[in-house]
Every structure is written in C-alpha cells, then in structure tokens.
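K.L.:
A single structure is presented below for examination.
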Number of protein chains: 10
Amino acid sequence: MLYHVRMDVNIPHDLDPEVRADTVAREKAYSQELQRSGKWPHIWRIVGEYSNYSIFDVADHDELHMILSGLPLFAYMDISVTPLATHPSDINAG
Amino acid sequence: MLYHVRMDVNIPHDLDPEVRADTVAREKAYSQELQRSGKWPHIWRIVGEYSNYSIFDVADHDELHMILSGLPLFAYMDISVTPLATHPSDINAG
Amino acid sequence: MLYHVRMDVNIPHDLDPEVRADTVAREKAYSQELQRSGKWPHIWRIVGEYSNYSIFDVADHDELHMILSGLPLFAYMDISVTPLATHPSDINAG
Amino acid sequence: MLYHVRMDVNIPHDLDPEVRADTVAREKAYSQELQRSGKWPHIWRIVGEYSNYSIFDVADHDELHMILSGLPLFAYMDISVTPLATHPSDINAG
Amino acid sequence: MLYHVRMDVNIPHDLDPEVRADTVAREKAYSQELQRSGKWPHIWRIVGEYSNYSIFDVADHDELHMILSGLPLFAYMDISVTPLATHPSDINAG
Amino acid sequence: MLYHVRMDVNIPHDLDPEVRADTVAREKAYSQELQRSGKWPHIWRIVGEYSNYSIFDVADHDELHMILSGLPLFAYMDISVTPLATHPSDINAG
Amino acid sequence: MLYHVRMDVNIPHDLDPEVRADTVAREKAYSQELQRSGKWPHIWRIVGEYSNYSIFDVADHDELHMILSGLPLFAYMDISVTPLATHPSDINAG
Amino acid sequence: MLYHVRMDVNIPHDLDPEVRADTVAREKAYSQELQRSGKWPHIWRIVGEYSNYSIFDVADHDELHMILSGLPLFAYMDISVTPLATHPSDINAG
Amino acid sequence: MLYHVRMDVNIPHDLDPEVRADTVAREKAYSQELQRSGKWPHIWRIVGEYSNYSIFDVADHDELHMILSGLPLFAYMDISVTPLATHPSDINAG
Amino acid sequence: MLYHVRMDVNIPHDLDPEVRADTVAREKAYSQELQRSGKWPHIWRIVGEYSNYSIFDVADHDELHMILSGLPLFAYMDISVTPLATHPSDINAG
C-alpha cells in the first residue's frame, strides 16, 4: 500500500557536531537500504527547505510506523502521513 | 524538471449535471493524455477527499502553468505547486 | 487495518428539503450496514457540531476510499483520514 | 461519558536520558492501569508521529482532568479534548 | 457539569426576512427557557460580532448536544465546545 | 465591565523547581485575593490543558491590564482578552 | 476607553446595486456622525483591501457593541475588537 | 517607493460570461497601461494559481490604494500589500 | 505617510536581568524620543499582552525600517507593518 | 527560470557574537556574488522584519536548492519558494 509522507527536519543548533554528522550519515544509510528494498520508492527534496516528500510502499500501517519511528533523525522531524488510493484517471490502474 | 502538485476539487453543487459530467470526462481524458506523454508520471487519490497528489515532469514553469490552467476542472480547483530537487540520499541520483 | 476519520457535514441551505431528507436517510442506512459488517466499528457525534469521529477497520486504502466516496452525503462533507498503528502501551497489543 | 483525546508528545532533547526512560516507563504503566480499569478503553498510535488518539470513559470532567494532568509525560504534551455524544446512526445506541 | 461554548452566527443574506425574524425570535425564547431552568447560566455577547460565549450546566454530553442541536439557529451556527473542570485556585471549589 | 480571558501557561522545563513552586503558590494567592474582591468572578480549568478560561469584572482596560501583567506567572503565559457586552437574550439584562 | 477595531467588508456580488449604493452611503454618514461626536477618532484604509483599522473612544463595551452592530454594513463585515490600555512609554500618559 | 503585492482572483462561477470576458480584458489593458508608466514594474503568474506577485513603484500609500481599488477585477480579488525597503546586501543600493 | 505596526515582545527567560532592564529602559527612551519628534504619534498597550499597536508617520519605507530595526528590543520582537491610506469616510480627509 | 523566494532569519540569541558577525558577513558576500552573476536579480527587505523577498533566475530546481542550502545563514532561516510563470498581461512577455 502507498503512503505520501512529508518530513521536515529541525536539528537543534546546539547538537554536538559529531553526533549530528553521525546521525545524518546513519539516516542516509537507513533510507538507502529501504529504497533498495522497494519500500521507499520515491524521495524528493523540497527546494529551499530541509524537508522531503516521499512515497512509501509497505504492507500496513504498523510497518510504516516502525520504519518512520526508526529513522535516525526521527526525534528531530515533523512527519505527516497521507494514505493514497488508486486514482480513477490513473492509466496504470487495473 | 519535477514538481509536486496537490489539487483539491470543489465543484459547485448547483452546476448543471450534464456540464459536470462532461467536464469530469474531459478532465479524465486530458489527464490520461498527459500521463501517456510522460509529463504527468504519477497521480494518487488522497483517501477520503476529492483531491490528488501528482508529480509532473515538464520542461519549465511556463509549461506546467499551461498544463494546469488548461485542466477542464481548473476553475473549480485549489492547486498548490512545490518544485522538487534531487534528494542527496536518493539511490537513483547521479 | 484501522483508520481514524473525521467527517464534517455542510449541507447547503437551499438544498431541496425532500432531497435532503432522503439523502440523510440513505446516509444512515449506509452507515448502519457498514457498522453491522464490522468495517465501521465506532461512530461518535462531536458535541455541538454536525460532525463525527469514526474508526474504520478495512482491508486497505482503496476499500476505505470506496466506502467514504460512496457516502450519500460525501459531496457535502469535509473528511480527514489518519492511519492508526498499534500503540506500544495498548494492553490488547500482541 | 466518552471523550476523544489527542496527545502530542514533545520531550526536550536535553532531558537527562535516565529521567526520560523512567518517565516513559511510568507513563506506560500509568496508561495500562487505566486501560485495565476500563477508563481508557482505546489508545492508537498516529502513524509517523509521537502522538496518540485515545478514548476515555470516565465519570465527569474533573475525573478526566485528574487523569490527564497526572500523566507522567503531561508536562511534555499538548492535549486536546473533545466530548463525544451518541451518534444517531450508531447501531449500538439505545 | 460545566461546558464553555462559543457560538458564531452566520445567517445567509438571502434567507427570507420573515423566516429570519421568526427563527431569531424562537432562538431567544429557546435560550431564555434554558436560562430559567439553570442549564444555561451565562450568555455574553462578543463585542462587535454576531457571536456569544456561553456556559452550560447539564447532566452529560448527550444532553448538551440535544440542547445545542435543537437551537433554532443551529443550521447557521459554528459552535465549539470545551469541557470545564474545577480550577485548583477557585475559591468556591470544595 | 466584563472581559473573557483565556490564559495558557508554559513554564520552561529548566526553571528552578523552587522558583517554580514559589511562583505557582504566589499565583494562587494573587488569584484568590482578586476572586474575593469580586474582580475575578469566574475561573475554570480547561480539561487536559494547563490553561483556564476566566471572567473579569473591572472598572476599565487599564485596571485589567494592571491585574493581568501583575500575575506571578505572566511571563510564562499566553493571554487573550475579549470584551463582553450584554446579550439581548440574557434574562438578567435590564 | 479606547478600542482598536479592524473591519473587513464583503458585500455579496449579487446584492442589488441600488441597495448596495444606498447602504454604502448610509455607512459613510453613520461613520462621519460618530467621528464628529468624538467616539470614532481614527479611521484608516488598509492599502489594497476593502478594510479599515479604526480607534473608538466610548464609555463601555455595551456602547461599542451598539455602535458596531448598528453599522449599515454590519451584516457584511468581519469585525475584530481589541481593548487598548495606556502604554507605559506613551509620552502623553499621566 | 516599492511595494510587494499578491493578488488572488476568485471570479464567481455564475458571473455572466460576457461581463467576465469584458472585465478580464479591461483588467489587462489597465495593468499594461500602468506597466508602461513605470508604476507596475513587475508582474509574475504564480504557477498553478489564478494569482500573481507584483511589484509597484508609486509615490505613496494613497496612490497605491487608488491604483489597486481601481482594478476592474478588484471586487473579485484578495490582495495583500507589503512595503519594501532597501536591502543592505543589495548591490544596487546606494 | 502613515503605517500601522503591531509589535509582540518575547524576551528570553534566561536573559541576564541587568541586560534586560537596561534594554527595556533604552527601548522606552528610544520610543519617547520618536514620539516627541512626531514620527511615532500613537502607541497603545494591547490588554493582557506584552504587545503594542502603534502608528508611525515617516517619510518612506526606508525610514520606517531604520527606526524599527533600531529598536533596542528589535531582536526579541515580532513586528508586522501595514501601510495606511486615507479612508474616504474620514472627516479630516481633504 | 524565475522563482519567488521569501527568507525569514532567526538567529539564536545565544549564538557566539563573533560567529554571528562572521556568518552575517559571509551571507552578504555570498548574496552579492550571486547578484553580480545575474542569478539573484532582486532582493528587498520586508519592512520591520529580518526577512526578505527575492527573485532568483537560475537554470533549474537543483541549482536553486544548491544556492539556497549554501547560504551561510541557511540553518537559521525559514525559506519558501514559489515558481513563477510568465503573466499573460506582462508587457515584456513575448
């Protein structure tokens, strides 16, 4: 099932620079592993913001929450999730 | 270039039913032609709403505005456009 | 899967009273059939508003959208959907 | 009487990790005791957020405020409460 | 139990003047009967607006919703309800 | 003259606990003295929030501002003030 | 006592042009009479909007509400009122 | 002096098509005359919306309000005006 | 030219008390000097808030920005500026 | 292609004054170099705020994001980007 997700990142200015760099690096690895698995098929940067729009393709709500709450940057993010249904005009719809 | 677009449709309740049906049918044809051309690669229904999230892939701002303002339902829509850049974690990025 | 849904009803003041009464009656029957099927396990009135909070338990996003867009009052409603995951403190969670 | 409650948790990043772990553990125990008593019949995680939707079933406003203000995480929460009435379409209504 | 209620009245400009006058008159009578019964102990006009803040003192949520949804102007109102608990600094609290 | 006031309290998490306890105690005494004087006839706790709705009955705007800005918790509060007029349906109105 | 008032005018597009012209003319006369009386000492047009910021100087809340609700355009306005106190830096303050 | 202006156009769906076409044509002529005079140096379409961002260069507030309120589409627009000062990093600043 | 300005002051709780007192004293002196010069003809306290509504009468946008950005409390303020035009109903208008 | 950008700067009060001064100086140099290159043709100060409206003229979304995320003050800014199309009334349009 598909979900539309917006993530806005707000890392505190006083976070230790090494902790910050390590967390950002782990975030990237975590995201890329999920992209390779097919569960995170799209991620786009919102121009001018430390934010992204993403599409997730997972089995159910619990799996999505487990993935999102496991993001290394989760504690510093505002996340909003929108469930997506097939659009009747979609040429790829059955 | 990629753009994220949200469209919310609000057709007036007193619109003539035939005009309405005709406009919705033309909207579908218009959308599917653009999907086939590759300019409108994704369209998803937002669950529970007469709304969609879409991704457009067009040459520039003027082409996107020409496409959106030509939507048969344009007069009844609220549209918001967000330009998308490549995300540094995207495994498909160069 | 569980979804939290808020519905706000705004029937136009100039709607024909018979159409209105018929639509509201069909809405009630439609809702009760879904409640009996187990797909709409909870519906509560928000005090002082022509609105409800509901819980739906359906197979996937497409089924939920089909149900919601089929509501006889759908054209007169604002609907917002929130996917629900198991809470780690829930005593009924596995 | 039934109340719909949304809780959004924002624990300060610089809270002592032990204090944090202890508070979260006490929150869970506190919640589960109330669930077992029947006063907190539903708790759901909002997907992607450190938030929940809950239903409380208590005697009156004062009891609900006593319960909510006694939450170990209360100081770090935004809470909004909505009183719920019986919905006329509810098949379980008298 | 006490509830804080805000009511904002928006009567459509094209409502028949006699219907309007009759509805407003019935609203006043309805309100005053409830004031005399003790269920609607306070009603104040918000300066400059066709709105009021009110305090209701009723048995439970269902009674309040029955009262509010029975207001002759209900169809033309936006209403928001807030449950009130005893304040620990209230000199009249037990 | 009557004023409707909403107060939302946000005490910083890192405030010295003794300062906090002392300030809260002084706030209570200050409020109760004003209640006894008749200038603060109503104070209600908003269920689930560290907030109150209050009614003040004072001579003029300057007196109200002097009272509110003198609250021991003033620096930690968001306050919004609404002037109240007599409602034409009020059974106690002249 | 001084009040800060913002008025936003929204006259329905289908209002009879003569009714409109007559109402606007009466509004102007009503306003100018109050300006001459000293009760409406300032009125400024907000650039680009059919709106104004005004200062009223009246005896009390009831007088202000009587004045505002008597505006010929009252039914077509959104009005918000803010009570003003003496500023401690005001060189004209006692 | 420079002003930043956003205009959002909402023409009622039931406006007579000839009136609409005539008004839009007069709007274009009015705008172009002001552009040629140097008072309206920039006008950009907001992609996907019936809206524009514009820059005006006029003598004072009264002139800007006279220009904006004289727009043939003024009755159907929401307009917001922001005064602009010289930016200290502007390479064209004195 | 006239401008309507709202200022909301938020001094950080951990600011050194002497710095705070000194800054507030300089703010008062700065404001009063501008009031005496005629450039800041009105300043009113918003009841219950650490905020003011002010009217400025200056030569142009640059002068206003220079004045506002020079306020000793500028770094701790949210400021919003609205340009004011002559109102057609103003009895003092030419 | 043209983009409308709003930047709001919020530098933390406890930032080291030398770091702050250095960052602001680098911001100015960075901006002026881009202005000279023609990629940042307009920058205006919003009166009364530590904010600007800017127009960028760059090749594509990725270039704009690279420029904006490279701003020395980027970590302390809220930025919102709007793509601009040619306006049909623009006298300079083809």
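K.L.:
Cα-based Rg (one decimal) and Dmax (whole number) for chain F, in Å?
P.N.:
For chain F, the Cα-based Rg and Dmax read 14.7, 51 Å.
K.L.:
Give the long-range amide H neighbours of D:His87: residues separated by 5 or more places, or on another chain, with amide H under 5 Å away, using H modelled in the peptide plane at 1.01 Å from N.
P.N.:
C:Arg45
K.L.:
Now for a different question. Taking the Cα centre of the protein assembly as shown as origin and charging only Cβ (+1 Lys, Arg; -1 Asp, Glu), how large is the dipole, in debye to the nearest 20? Could the numbers behind the result be given before it?
P.N.:
Values: 70 positive and 140 negative charges, 0 e Å.
Charge dipole, the protein assembly as shown, about its Cα centre: 0 debye, nearest 20.
K.L.:
Something else about it: What does the protein assembly as shown give for Rg and for Dmax, in Å, if only its C-alpha atoms count?
P.N.:
29.1, 78
K.L.:
Once you list every other residue whose beta carbon is under 15 Å from the beta carbon of F:Arg26, what net charge do they have if Lys and Arg are +1 and Asp and Glu are -1?
P.N.:
Numbers: positive: F:Arg20, F:Lys28; negative: F:Asp16, F:Glu18, F:Asp22, F:Glu27, F:Glu33.
Taking every other residue near F:Arg26 into account, the sum is -3.
K.L.:
Taking the Cβ of E:Asp16 as the center, what net charge do the other residues with Cβ under 13 Å away carry, scoring Lys and Arg +1 and Asp and Glu -1?
P.N.:
On the way: positive: E:Arg20; negative: C:Asp14, E:Asp14, E:Glu18, E:Asp22.
Counting the neighbours of E:Asp16, the net charge comes to -3.
K.L.:
Still on this model: Magnitude of the Cβ-charge dipole of chain A, K/R +1 and D/E -1, about the Cα centre, nearest 20 debye? Please report the intermediate quantities before stating the final value.
P.N.:
Working: 7 positive and 14 negative charges, 57 e Å.
For chain A, the charge dipole is close to 280 debye.
K.L.:
Another one. Between the stretch G:18-94 and the stretch J:50-71, how far is it from one alpha carbon centroid to the other, in angstrom?
P.N.:
Spelled out, the Cα-based centre of one part sits 44 Å from the other.
K.L.:
Got a sec to turn the phi values of the stretch F:79-92 into Karplus ³J(HN,Hα) couplings, 6.51 cos²θ - 1.76 cosθ + 1.60 with θ = phi - 60°, whole Hz, x for Gly and Pro?
P.N.:
With coefficients 6.51, -1.76 and 1.60, one gets 10, 10, 10, 10, x, 10, 10, 5, 8, x, 8, 5, 6, 8 Hz.
K.L.:
In the stretch J:2-84, carbon and sulfur make up what percent of the accessible area (probe 1.4 Å)? Display every interim value, and only then the final one.
P.N.:
Working: 1790 of 3570 Å².
The computed percentage sits at 50.
K.L.:
Which residue in D is nearest the D/J rotation axis when you measure from the C-beta atom, and what is the distance in Å?
P.N.:
D:Asp14, 7
K.L.:
What shape does the stretch H:1-48 have by the C-alpha gyration tensor, where a ≥ b ≥ c are the square roots of the eigenvalues, rounded means a/c under 1.5, and otherwise prolate means a/b greater than b/c and oblate the rest? Before the final figure, lay out each step's value.
P.N.:
Numbers: a/c = 2.94, a/b = 1.63, b/c = 1.80.
Since a/c reaches 1.5 but b/c is at least a/b, the shape of the stretch H:1-48 is classed as oblate.
K.L.:
At R0 = 22 Å, how high is the FRET efficiency between E:Glu18 and G:Glu18 if r is their beta carbon distance? Nearest 0.05 is fine.
P.N.:
Given R0 = 22 Å and the Cβ-Cβ separation, E is 0.50.
K.L.:
Given the DSSP H assignment, sum -39500 (n - 2.57) over each helix run of at least 4 residues in chain F and divide by its residue total; what's the result at 222 nm in deg cm²/dmol, nearest 500? Can you show the working numbers first?
P.N.:
On the way: 2 runs with 30 residues, N = 94.
About -10500 deg cm²/dmol.
K.L.:
By how many degrees, between 0 and 90 and to the nearest 10, does the Cα long axis of helix J:17-37 differ from the longest principal axis of chain J?
P.N.:
20 degrees
K.L.:
Of I:Leu15, I:Leu64, I:Pro41, whose Cα points farthest to the positive end of the dipole of the stretch I:2-84 (charges on the beta-carbon: +1 Lys, Arg; -1 Asp, Glu; origin at the Cα centre)?
P.N.:
I:Pro41
K.L.:
Pull out a ≥ b ≥ c, the square roots of the eigenvalues of the alpha-carbon gyration tensor of the stretch G:41-94, then state rounded if a/c is under 1.5, prolate if not and a/b is larger than b/c, and oblate in the remaining case.
P.N.:
Oblate is the answer for the stretch G:41-94, as a/c is 1.5 or above yet b/c matches or exceeds a/b.
The values are calculated or read from the model by the stated rules, or taken from the named source; none is laboratory data. Keep in mind it's a predicted model, so treat the numbers as computed, not measured. As a convention, Cβ positions derive from the backbone with ideal geometry for all residues, glycine included, and neighbour counts pool all protein chains shown. Accessible surface is based on the protein model in full, side chains and every heavy atom, while ligands, DNA and RNA are left aside. Shrake-Rupley method; radii C 1.70, N 1.55, O 1.52, S 1.80 Å.
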